[in-house]
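Q: Please find one structure pasted underneath; my questions will follow.
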Amino acid sequence: MYVVIRSYSGDGAAEVFDLIEQKQDEAEEVIAQVPGFVGYVAFRTEDGGTAATICRDKAGAEESSRVAARWVLENVSQTPEVPKVMQGETISAFVGEWSTD
């Protein structure tokens, strides 16, 4: 599996995460259609927020970044700064049950 992490900060970052929260179903549907999709999480940070996508391979992870960038640009009113992107092959992964409720 492969993970890509996109960290947004600076101008427009808060709006990105406001939109992810407001349009949660839409954002999740868009990212879940990426080939090899396994999981996704987004959370706020002091200076913006971070989103991480897990895919079965590097190609899926890279596609998730393209899809996420396109969704952000189509939905925010202020173009945010380019996110810091980190990615790599997983060496360990564990996800228990959780709920967003």
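Q: Please verify whether R66 is of a type in the set (K, R) and either within 13 Å of I5 (Cα to Cα) or outside any helix (DSSP H, G or I) (or both), treating the condition exactly as stated.
A: yes
Q: Of the numbered conditions (1) aliphatic (A, V, I, L, M); (2) buried (at least 19 other Cβ atoms within 10 Å of the Cβ); (3) within 16 Å of E63 (Cβ to Cβ), V16 fails exactly one; give the number of that condition.
A: (3) is the only condition that V16 fails.
Q: List every residue pair whose Cβ atoms lie under 8 Å apart, where the two residues are 6 or more positions apart in sequence or sit on different chains, the first residue falls within segment 7-25 and is among the hydrophobic types (A, V, I, L, M, F, W, C), and the second residue, located anywhere, is in a helix (DSSP H, G or I).
A: Close Cβ pairs (under 8 Å, with a partner that is in a helix (DSSP H, G or I)) amount to V16/V72; L19/A27; L19/V72; L19/N75; I20/A27.
Q: Within segment 81-101, restricting attention to residues that are in contact with a Ser or Thr (Cβ under 9 Å, 6 or more places away or on another chain) and part of a loop (DSSP other than H, G, I, E, B), which residue is modelled with the highest pLDDT?
A: Result: P83.
Q: Still on this model: May I ask you to list the residues in segment 38-63 that are over 12 Å from the mean Cα position of the chain (by Cα), in a strand (DSSP E or B) and hydrophobic (A, V, I, L, M, F, W, C)?
A: Residue satisfying the conditions is V38 alone.
Q: Do you know which residues across segment 1-36 are part of a loop (DSSP other than H, G, I, E, B), farther than 28 Å from I91 by Cβ and out of contact with any Asp or Glu (no Cβ under 9 Å at 6 or more places or on another chain)?
A: K23, the sole residue that qualifies.
Q: Considering only segment 45-101, how many residues are loosely packed, with under 11 Cβ neighbours inside 10 Å and aromatic (F, W, Y)?
A: 2
Q: Given the criteria in contact with a Cys (Cβ under 6 Å, 6 or more places away or on another chain), touching a residue at least 12 places away in the same chain (Cβ under 8 Å) and of a type in the set (A, V, I, L, M, F, W, C), does A61 qualify?
A: Spelling it out, A61 is indeed in contact with a Cys (Cβ under 6 Å, 6 or more places away or on another chain), touching a residue at least 12 places away in the same chain (Cβ under 8 Å) and of a type in the set (A, V, I, L, M, F, W, C).
The values are calculated or read from the model by the stated rules, or taken from the named source; none is laboratory data. Please read these numbers as outputs of a predicted model, since none were measured by experiment. Methodologically, a virtual Cβ is constructed for each residue, glycine included, from the backbone with ideal geometry; neighbour enumeration extends over all protein chains shown.
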